[in-house]
Amino acid sequence: MKPPDGLYLDLIKKVLTNMIYEDPPVPNGWVPGTAYDDVNRRLGLDWPAVAHTMVGLRRLDNVQCCAEQVIREDVPGDFIEAGVWRGGVCIFMRAVLAAHGVTDRRVWVADSFQGMPGSDSLTYADDRALGLDAHNDVIAVPLATVQRNFDLYGLRDGQVRFLPGWFGDTLPAADIGTLAILRLDSDLYESTMTALTYLYPRLAPGGFTIVDDYHMPVCRAAVHNYRDENGIDDPIIDIDGLGAYWRRSR
């Protein structure tokens, strides 16, 4: 049997994905049905109606693996997710810290809390073509809702900091020091590039960059353009065919 901290984190993952009560998905272009599907939920393919994350178990496993590795190896820095939806991944990051008794790291929760920007405000043509703001009825989750979700798990405290607003407005001036985990779930070229520009320089050697939307061409283009411009050649590792990550070597 796993030790108590492992059992706790396994349970938190099942609750965050709602694989226990199996809420139905919100129909969309790639998962049009309304019936709960265990495989889709494990892989993070659907938009859950109730669950606090849509990333699925495999990407939560990746967050746990990276977080526990930096804790075990004493890589300095806080954890951040840029683009949080209902807050599930950040809640899980805080749960990992709690499970391991870590009190000197913070979890930063960065999001517009307004959904996606309107297409007319985007400068990158391929971002505009996606029209993701049309789904803001699902994507936009108010700050108060995310904070309440943290409260439901008993995990909102002084180790959790919220950064509400567009990344270009909040990240440059944010009082963030060194980072050990940088997780991007920002979908678009513009938001991904902005987050990398202001956050990657704060990532400690040995820290991890996790890109949830690496499968999306606009997001992948931003990642590769940033890496090329900054001479980053650390190998990109696939997580589940959708997300990917790399470990900063220098």
For the stretch 42-54, does any single residue satisfy the condition of being touching a His at 6+ places or on another chain (Cβ under 6 Å), under 27 Å from G207 (Cα atoms) and not in a strand (DSSP E or B)?
no
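Considering only residues that are acidic (D, E) and in contact with a Lys or Arg (Cβ under 9 Å, 6 or more places away or on another chain), look in the stretch 202-232 and name the one that is farthest from I176 (Cα to Cα). Before you say what the answer is, go through the steps one by one.
Of the stretch 202-232, the ones acidic (D, E) are 212-213, 228-229.
After this cut, where a residue has to be in contact with a Lys or Arg (Cβ under 9 Å, 6 or more places away or on another chain) as well, the list is 212-213.
Values: D212: 21, D213: 23 Å.
Among those residues, the one meeting the criterion is D213.
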For the stretch 23-32, what are the residues that are part of a loop (DSSP other than H, G, I, E, B) and either touching a residue at least 24 places away in the same chain (Cβ under 8 Å) or in contact with a Pro (Cβ under 7 Å, 6 or more places away or on another chain) (or both)?
D23, P24, V26, N28, V31
Residue under question is I12, and the condition is that it be among the β-branched types (V, I, T), surrounded by 17 or more Cβ atoms within 10 Å (Cβ to Cβ) and closer than 30 Å to P172 by Cβ; does it hold?
no
Give the residue that is nearest to A110 (Cα to Cα), with candidates limited to residues of the stretch 27-79 that are loosely packed, with under 15 Cβ neighbours inside 10 Å and among the polar types (S, T, N, Q).
N28
Quick check on my filter: what residues within the stretch 137-179 are closer than 17 Å to T53 by Cα and of a type in the set (D, E, K, R)?
D137, R148, D151, R156
Counting just the residues of the stretch 238-250 that are of a type outside the set (A, V, I, L, M, F, W, C) and part of a loop (DSSP other than H, G, I, E, B), which one comes out farthest from D78 (Cα to Cα)?
G241
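Taking the residues in the stretch 233-245 that are surrounded by fewer than 18 Cβ atoms within 10 Å (Cβ to Cβ) and touching a strand residue (DSSP E or B) at 6+ places or on another chain (Cβ under 7 Å) as candidates, determine which candidate is farthest from T178 (Cα to Cα).
D238
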When the stretch 172-200 is examined, which residues are found to be surrounded by fewer than 24 Cβ atoms within 10 Å (Cβ to Cβ) and under 12 Å from the mean Cα position of the chain (by Cα)?
D187
Would you check if L203 is among the aliphatic types (A, V, I, L, M) and either out of contact with any Ser or Thr (no Cβ under 6 Å at 6 or more places or on another chain) or farther than 28 Å from R42 by Cα (or both)?
yes
Check R128, R72 and return the single one that is touching a Ser or Thr at 6+ places or on another chain (Cβ under 9 Å) and not hydroxyl-bearing (S, T, Y).
R128
Taking the stretch 77-102 and keeping residues touching a helix residue (DSSP H, G or I) at 6+ places or on another chain (Cβ under 8 Å), assigned to a loop (DSSP other than H, G, I, E, B) and under 22 Å from G154 (Cα atoms) leaves G83, V84, W85, R86, G87, H100, V102
Can A82 be described as at pLDDT 95 or above and buried (at least 18 other Cβ atoms within 10 Å of the Cβ)?
yes
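The values are calculated or read from the model by the stated rules, or taken from the named source; none is laboratory data. In this text, all values refer to a predicted model and were calculated from it rather than measured experimentally. A quick note on method: Cβ atoms are made from the backbone with ideal geometry, for glycine too, and the neighbour counts reach across all protein chains shown.
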